[in-house]
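For reference, the structure discussed in these notes is given below.
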């Protein structure tokens, strides 16, 4: 760990005096911090990543960081909306199936090339979709209204001035603003950027998120369990998958034991490639709470109790001299996941610059009574369905225990049960976070 | 093109006799095929890709292709839900703050290791969250209800049998089915798979989709326009971004001119890495409709008129001896995108095995009158918002013209206007496809 030992010896022999965290919000009378206060505090401690020019297809779903003024008009020139013939409307005014108008075909305009010459009155020019309208022409007759003649064409229907003609700039005028900073680039926006000739766009990158699970009891999935009292590491997979779904570029480091020095060495190694470090475990009251023990040496940290259930013990830090944000989540799988949703996902979105940072709260009608936890926000696993009218219904997915990962896997929502009620009755509207909504 | 020339010379000197496409559905009286008929026909012509074992984190959002029976129970053993002391409930039955019970601490159980010995009556053992319950103990007292003593502990509250004990298998019982084939693997499911020890899972891969735009008038974005009548290629970006958002692994090949041999050479080169080829342009009535001209030599193809607006001309083929599906979309950007949504996205989802193949139709209330097209389904660009009660509202994003990519970029939905009405009134419920819903 050259980075840290060097700094250590320069700044402070025993332990560097880390610049402290910004002042945290006051806690409530019961010593707990509200979920919103903690989330807003974390958001206030991290900055959006710097934007740089990226290839269009790498920018899908990211937020643009520049104002884009179209340098071109769309369409760039008057052009035909149909395959057919460019004519003067007055020349075909009397045309019908019974009394076709016969016009000599004096040329042809494919897409991408100008008409060979001006259209003279009483003539027609073959024209393809997207091809420029010849000077002198003011209407298009589609193939379907003609005999598709090559030398002469029989026209069976009248047209009117401007018919099937797309006008210069009617979609986008040159000089018009087409994107504002912050606009999220959905596939259709990528298409528009290409259409105005941009092949690169200024966006913030997907944050590099390092995921580490702590605990000497953890065993890598796919390996045999050495003893009946060990368990498979699920948190690093759960959090890595959730961070990826939130838009991050994820490095799942896996697990580390309960040895503080091992934890410190691993975190220091990972800091170089991290925009955010997520850990699970080791932040509670226990004697083996290694993250709580190890991390204050590496940066400015705080460990707090948040008024939520599950997920009460939370840790946060700005680690190393680059002050890389680190969110230290509790170790129970459900606590880790719920805390990820409440705190880490908003931070990932802020790093990417994609708004809203916080998942919008939706409403659903409870299909049965649900008990809350007085003075703490309960985030229960829920299954949201729709009734015949398209209204959302929600029922709980199993129990409240924070070890119930089987129930968590069945859930598609978190039900937010307020602090000021003990019980939500069947039929009441509750707030839900819909977990599978896209980026 | 050795692949094709070889086969050609063996099978048929001039043009191989490609095995024909499956019988297509009958067209309507007006010669058009309905949107649903065409979509279902394409779906019937493609098969799900073969599944193989993939690393858990590569399987996020894919559909599992195996039944998974949990080989372990979760929890795998009775364990503590809290940091605290394992006791016998009867020994602390009388404990209170006023009359604490003093118990000798006879050992300590960290997570991952068994208790050192059986708990004798009248003693306590320190225990960490997740650690196995010692034999002889039947309840946990959390740290908060004690003085956290090391040699002896003062217990300030009673407990009851089973308190803070997570029972073996109460989440998932060994032998219990946790996944059925077809279940989509959200992050929480990835967590559960890890928790039961699986590090790989049988899923179909993300389809490799090759995207090609045709048209001699096209210029690569980022390059200067050589003439005022050329345009930037937006379709290959638009379709590549949309295919990626639909879950595909995308190869954007870019553009090819209107020379049939050039188109054939390019497609043959791409077939080796494609599970699906998407082209735009060259399938209409025009004299330069190169895809329509070129592709029948390379496989079994059909070109049809679909009763929709935009997107009427559609092509489909099973190309080469491997019968790689190819969807040949029209060239107007909006037509290409709408056809992608109607036909290519369902095909991509079928290749991946992710259901439902077809985007579920949602309902929204029209904020203004919208005109339909008699006898054709109109798919108009819409902007969906929500009113204060959370009900969806939809308004149109600009005009109906299929060249209006600026309007398309502003849209977040397609409004499906039925064939049997000319006009939808303000306040009517209409069907919408929500474009930014996740995978």
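Summed over segment B:176-224, the residues that are free of Cβ contacts under 8 Å to residues at least 24 places away in the same chain, facing another protein chain (nearest Cβ under 7 Å) and over 30 Å from residue B:76 (Cα atoms) give a count of 3. No other residue among A:381, A:365 is within 14 Å of chain B (Cβ to nearest Cβ) and surrounded by fewer than 23 Cβ atoms within 10 Å (Cβ to Cβ) apart from A:365. Counting only helices (runs of 4 or more DSSP H) that sit wholly inside segment A:238-345, those with at least 1 residues that are within 30 Å of residue A:186 (Cα to Cα) and modelled with pLDDT of 95 or more are A:333-339.
Among the residues of segment B:92-105, are any touching a helix residue (DSSP H, G or I) at 6+ places or on another chain (Cβ under 9 Å), buried (at least 19 other Cβ atoms within 10 Å of the Cβ) and either assigned to a loop (DSSP other than H, G, I, E, B) or within 9 Å of chain A (Cβ to nearest Cβ) (or both)? Yes, some residue in segment B:92-105 is touching a helix residue (DSSP H, G or I) at 6+ places or on another chain (Cβ under 9 Å), buried (at least 19 other Cβ atoms within 10 Å of the Cβ) and either assigned to a loop (DSSP other than H, G, I, E, B) or within 9 Å of chain A (Cβ to nearest Cβ) (or both). Here residue A:262 meets the list (1) closer than 27 Å to residue A:50 by Cα; (2) touching a strand residue (DSSP E or B) at 6+ places or on another chain (Cβ under 6 Å) almost entirely, failing just condition (1).
Being surrounded by 24 or more Cβ atoms within 10 Å (Cβ to Cβ) and assigned by TED's automatic domain parsing to the domain that holds residue B:337 is true for just one of B:153, B:141, B:210. Which residue is that? None of the other options fit; the residue is B:210.
Checking each residue in segment A:277-288 for being within 14 Å of chain B (Cβ to nearest Cβ) and within 33 Å of the chain's Cα centre (by Cα) picks out A:278, A:280, A:281, A:282, A:283, A:284.
Highlighted here are the strands (runs of 3 or more DSSP E) found entirely within segment B:147-221 that include at least 1 residues which are modelled with pLDDT of 95 or more and under 30 Å from residue B:291 (Cβ atoms): B:208-214.
Quick one: is residue B:399 assigned to a loop (DSSP other than H, G, I, E, B) and within 14 Å of chain A (Cβ to nearest Cβ)? Against the criterion (assigned to a loop (DSSP other than H, G, I, E, B) and within 14 Å of chain A (Cβ to nearest Cβ)), residue B:399 qualifies.
Filter segment A:402-429 for residues that are more than 13 Å from chain B (Cβ to nearest Cβ) and under 27 Å from residue B:178 (Cβ atoms) and give the result.
In the first step, residues of segment A:402-429 are kept if they are more than 13 Å from chain B (Cβ to nearest Cβ); the result is A:415-428.
Matches in segment A:402-429: A:415, A:416, A:417.
Inside segment A:227-237, residues that are modelled with pLDDT under 95 and more than 7 Å from chain B (Cβ to nearest Cβ) make up a count of 1.
Kindly evaluate residue B:318 against the criterion of being away from chain A (no Cβ under 14 Å), within 30 Å of the chain's Cα centre (by Cα) and surrounded by 18 or more Cβ atoms within 10 Å (Cβ to Cβ). So residue B:318 fits the description; yes.
The values are calculated or read from the model by the stated rules, or taken from the named source; none is laboratory data. Since we're looking at a predicted model, the values are computed, not measured. Please note: Cβ atoms are built from the backbone with ideal geometry, for glycine as well, and neighbour counts cover all protein chains shown.
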